[in-house]
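Q: One structure, pasted below without further comment.
The values are calculated or read from the model by the stated rules, or taken from the named source; none is laboratory data. The structure presented is a predicted model; accordingly, all values stated were derived computationally and were not measured. Virtual Cβ from ideal backbone geometry, glycine too; neighbours counted across all protein chains shown.
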Amino acid sequence: MADPRIPLKNPLLAGVLAFLIPGAGHLYQGRLFKAAVFGICITVLFFTGMAMADWRAVHTPSAPQNWRKLGALKFAAQAGVGLPAIAAYCQYRRYIDPGNAPPDELDAPMSASFQGRVFVRTDEGIVESDATGLVTLEPTKGAFGANIITGRFQGRVGDSAVDYELGGAIGMTQPISGSADRELIADIVQETESGPEVVGELQGAIPRPLVNWLFVPLSNLQEQELHRQLGKYHEVAMVFTWVAGLLNVLVIWDAVEGPAYGYGDEVVETEAEQEKSA
């Protein structure tokens, strides 16, 4: 039974707040010391794990059929810290939406920084160089009225400043994915008397907006790459987020039911007093 010495106010509301933000339920109840301890310790533990895993520790399974597998149990352990879990599920719904596919056309022009490689055909063969700069893409009507993508690359290739026209085949990976980098491949074209001619290829990545990769499910390839990059730190990071989530389940319970093991001011009878009472 809840002890009336601690006013729990609305226990259900306190539990919801504790689920959403560690310590928020206790703050609502006026239990400030526990609010500070739970809020700081669990939040720091959780976000330490997130940082160690390159901010990609918390995500749902990447496909509906994988919810019955181990990945769902991993996510369930993290789900005790509510807001990130809710965000991860919302990102999962965006990720599996049929509209989240590699685009064949653009709705509006876009510009982004680019980093990758350039392959240019010369009389001596194909020359490969590092490339950094700005890619600008825009929707255009093709020769037969079809919607196509064209653009420009302005930046540096090796030690030289360049300005390439992009056309022909331009492809990007899906807009919402678990990686901060979005792959881009584009033909470099040059105007000739007979029309545009492909003279090379641009291969690399442009950045995704934060909202399009944070908490988004990882594909099998992306998860393998993350394991390769982080090694044993990936497993340590995951354990940190699991422990934080499971600890917050106890915090939610404490916010709803009150302390489980007394208040520290109970009167303890001596053996003599216990025998006398008996």
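Q: Pairs please, first residue from the range 29-58 and not assigned by TED's automatic domain parsing to the domain that holds Phe75, second anywhere and among the hydroxyl-bearing types (Ser, Thr, Tyr) and buried (at least 22 other Cβ atoms within 10 Å of the Cβ), Cβ atoms under 8 Å, 6+ apart in sequence or on different chains.
A: none
Q: Which of the residues that make up the range 177-229 are among the small types (Gly, Ala, Ser), closer than 28 Å to Val157 by Cβ and touching a residue at least 12 places away in the same chain (Cβ under 8 Å)?
A: If the condition is that a residue be among the small types (Gly, Ala, Ser), closer than 28 Å to Val157 by Cβ and touching a residue at least 12 places away in the same chain (Cβ under 8 Å), then Ser177, Ser179, Ala180, Ala186, Gly200, Gly204, Ala205 are the ones that fit.
Q: Evaluate the following for Gly133: is it crowded, with 19+ Cβ neighbours inside 10 Å and either outside the structural domain of Gly49 (by TED's automatic domain parsing) or not polar (S, T, N, Q) (or both)? Outline the logic, then answer.
A: Numbers: crowded, with 19+ Cβ neighbours inside 10 Å: yes; either outside the structural domain of Gly49 (by TED's automatic domain parsing) or not polar (S, T, N, Q) (or both): yes.
Yes, satisfied.
Q: Now for a separate question. Could you please give the count of residues in the range 2-61 that are on the phi > 0 side of the Ramachandran plot and over 20 Å from the mean Cα position of the chain (by Cα)?
A: Qualifying residue count for the region: 3.
Q: Something else now. Pull up the range 165-184, narrow it to residues that are of a type in the set (Val, Ile, Thr) and over 12 Å from Leu137 (Cα atoms), then point me to the one that is surrounded by the most Cβ atoms within 10 Å (Cβ to Cβ).
A: In this case the residue turns out to be Ile176.
Q: Additional query: Taking Phe75 as meeting all but one of (1) aromatic (Phe, Trp, Tyr); (2) surrounded by fewer than 19 Cβ atoms within 10 Å (Cβ to Cβ); (3) free of Cβ contacts under 8 Å to residues at least 24 places away in the same chain, write down the number of the exception.
A: Unmet for Phe75, out of (1) aromatic (Phe, Trp, Tyr); (2) surrounded by fewer than 19 Cβ atoms within 10 Å (Cβ to Cβ); (3) free of Cβ contacts under 8 Å to residues at least 24 places away in the same chain: (2).
Q: Could you count how many residues in the range 190-222 are outside any loop (DSSP other than H, G, I, E, B), modelled with pLDDT of 90 or more and of a type outside the set (S, T, N, Q)?
A: 12
Q: Still on this structure, please answer the following. Is it the case that Arg182 is at pLDDT 90 or above, of a type in the set (Lys, Arg) and out of contact with any Lys or Arg (no Cβ under 8 Å at 6 or more places or on another chain)?
A: The answer is no for Arg182.
Q: Sticking with this structure for a sec: Are there any strands (runs of 3 or more DSSP E) wholly within the range 109-163 with 1 or more residues that are closer than 15 Å to Asp187 by Cβ and among the polar types (S, T, N, Q), and if so which?
A: 125-141, 147-157
Q: Inside the range 1-64, counting only helices (runs of 4 or more DSSP H) that do not spill past its ends, which hold 2 or more residues that are surrounded by fewer than 19 Cβ atoms within 10 Å (Cβ to Cβ)?
A: Working: elements: 11-20, 24-29, 32-52.
Of the helices (runs of 4 or more DSSP H) lying wholly inside the range 1-64, those with at least 2 residues that are surrounded by fewer than 19 Cβ atoms within 10 Å (Cβ to Cβ) span 11-20, 32-52.
Let's see how each residue does on (1) within 29 Å of the chain's Cα centre (by Cα); (2) aromatic (Phe, Trp, Tyr); (3) on the phi > 0 side of the Ramachandran plot:
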| site | (1), (2), (3) |
| --- | --- |
| Leu106 | yes, no, no |
| Arg117 | yes, no, no |
| Val120 | no, no, no |
| Val127 | no, no, no |
| Thr132 | yes, no, no |
| Glu138 | yes, no, no |
| Thr150 | no, no, no |
| Phe153 | yes, yes, no |
| Val157 | no, no, no |
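Q: Please go through (1) without any contact (Cβ under 8 Å) to a residue 40 or more places away in the chain; (2) surrounded by 13 or more Cβ atoms within 10 Å (Cβ to Cβ) for Arg68 and return the number of the only condition it doesn't satisfy.
A: (2)
Q: Same structure, new question: Please work out which residue is surrounded by the most Cβ atoms within 10 Å (Cβ to Cβ), limiting yourself to the range 230-260 and to residues that are in contact (Cβ under 8 Å) with a residue 60 or more places away in the chain and charged (D, E, K, R).
A: Ranking the candidates gives Asp254 first.
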